[in-house]
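Trainee: Can you keep this structure in mind? I'll have questions shortly.
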Amino acid sequence: MDTQTLAKELLAKRIAGEIVLSEEAGKTIQKWRNIFKIPQRRLADEMGIMPSVISDYENGRRKSPGIKIIKRIVEAMISLDEKTGGKIIKEFAVLPTKAVLSEAVLDMKEFETPIEIKEFCKIVEAPLVVREDLSNKKIYGYTVIDALKAITDLSPMDMVKLYGLTSERALIFIKSHSGRSSMVALKVTNLRPGLVVLQGSEKIDDLAKRIAELEGIPISVTKIKNTDELLKVLKRNF
């Protein structure tokens with residue numbers, strides 16, 4: 001199997017898996033369609049369906065699509081990207097260097113079973129301060145990120161790759177200060193994590209709060225100030 005074919009298959013599995021795991025499958029479809037920069041009508045034409053079908057899924061007017069429909073949507077996105085040179089497939093095939101990853105990502109884990117946001121926040125001593133109404137949503141993993149290194153060293157596409165198997169996870173930003181840069185970076189990548197946990201923030205920036213409110217991203221601030229201690233808590237519990 002050549003590199004391009006392998007990259008295509010891995011990306012297809014990732015997208016399909018994220019849609020299946022997401023509590024808002026339509027929003028996840030929309031996210032990936034935006035990453036591929038494919039208009040609804042073009043995607044619908046590739047699938048041989050009406051554009052309103054894609055719109056209905058993305059806006060929650062239709063129930064979450066089944067496996068067969070998800071497979072067709074993913075295959076259509078991949079096919080359209082190939083027809084224009086395979087730019088997105090190639091970008092996802094090129095991983096950040098190990099040196100960059102080792103410095104920016106301190107820990108990453110997928111959960112064996114999902115956990116509610118409020119339970120996760122309790123474990124990491126991080127009360128919710130934005131979108132407390134979403135505390136019952138479930139997340140499927142976490143990534144601990146050095147906020148400064150991630151923002152300065154990683155491209156928007158590299159940031160997308162840090163989400164593991166699904167964006168329905170907690171992104172824990174170390175050395176985040178006000179949270180402004182972290183939330184702006186998430187806005188740029190067009191990804192919506194299930195939860196953002198800030199460490200080192202005394203007061204959350206108003207713009208960070210506004211982005212979180214608009215994008216539906218819960219924010220919590222951990223009381224654990226020592227990074228090593230926070231990592232130990234995570235490893236001990238997950």
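The values are calculated or read from the model by the stated rules, or taken from the named source; none is laboratory data. Computed from a predicted model, the values in this text were never measured in an experiment. For neighbour counting, all protein chains shown are included, and Cβ atoms are generated from backbone atoms with ideal geometry for every residue, glycine included.
Trainee: I need the full set of residues from segment 1-45 which are crowded, with 18+ Cβ neighbours inside 10 Å, touching a Leu at 6+ places or on another chain (Cβ under 9 Å) and either free of Cβ contacts under 8 Å to residues at least 40 places away in the same chain or within 12 Å of ASP81 (Cα to Cα) (or both), in order please.
Mentor: Passing the criteria: ARG33, ILE35, PHE36, ILE38, LEU43.
Trainee: What number goes with the only condition from (1) part of a helix (DSSP H, G or I); (2) exposed (fewer than 12 other Cβ atoms within 10 Å of the Cβ) that LYS203 does not pass?
Mentor: Looking at each condition in turn, LYS203 falls short on (1).
Trainee: Can you find even one residue in segment 174-191 that is surrounded by 20 or more Cβ atoms within 10 Å (Cβ to Cβ) and either at pLDDT 90 or above or not assigned by TED's automatic domain parsing to the domain that holds MET108 (or both)?
Mentor: For segment 174-191, residues surrounded by 20 or more Cβ atoms within 10 Å (Cβ to Cβ) and either at pLDDT 90 or above or not assigned by TED's automatic domain parsing to the domain that holds MET108 (or both): present.
Trainee: Follow-up question, since we're still on this one. Would you say ILE204 is in contact with a helix residue (DSSP H, G or I) (Cβ under 9 Å, 6 or more places away or on another chain), farther than 20 Å from ALA25 by Cα and modelled with pLDDT of 95 or more?
Mentor: No: the conditions fail for ILE204.
Trainee: I need a count of the residues in segment 143-161 that are polar (S, T, N, Q) and at pLDDT 80 or above.
Mentor: Result for segment 143-161: 1.
Trainee: For the subset of segment 179-200 comprising residues that are in a loop (DSSP other than H, G, I, E, B) and not aliphatic (A, V, I, L, M), which member is farthest from GLU24 (Cα to Cα)?
Mentor: Of everything passing the filter in segment 179-200, GLY200 is farthest from GLU24 (Cα to Cα).
Trainee: Give all pairs with beta carbons closer than 8 Å in which a residue from segment 222-238 that is under 12 Å from GLU125 (Cα atoms) meets a residue that is basic (Lys, Arg) and surrounded by 12 or more Cβ atoms within 10 Å (Cβ to Cβ); count only pairs at least 6 apart in sequence or on separate chains.
Mentor: Filtered contacts from segment 222-238: LEU234/LYS109.
Trainee: Out of curiosity, is VAL100 at pLDDT below 85 and either touching a helix residue (DSSP H, G or I) at 6+ places or on another chain (Cβ under 6 Å) or surrounded by fewer than 18 Cβ atoms within 10 Å (Cβ to Cβ) (or both)?
Mentor: Yes.
Trainee: In segment 18-50, which residues are among the aliphatic types (A, V, I, L, M) and closer than 19 Å to LYS8 by Cα?
Mentor: ILE19, VAL20, ILE29, ILE35, ILE38, LEU43, MET47
Trainee: Considering each residue of segment 214-238, count those that are in contact with a Lys or Arg (Cβ under 7 Å, 6 or more places away or on another chain) and of a type in the set (D, E, K, R), and give that number.
Mentor: 1
Trainee: Quick check on segment 176-190: of everything there that is in contact with a helix residue (DSSP H, G or I) (Cβ under 6 Å, 6 or more places away or on another chain) and aliphatic (A, V, I, L, M), which residue is nearest to GLU116 (Cα to Cα)?
Mentor: This residue is MET183.
Trainee: I need a count of the residues in segment 210-225 that are part of a helix (DSSP H, G or I) and buried (at least 18 other Cβ atoms within 10 Å of the Cβ).
Mentor: So the answer is 2.
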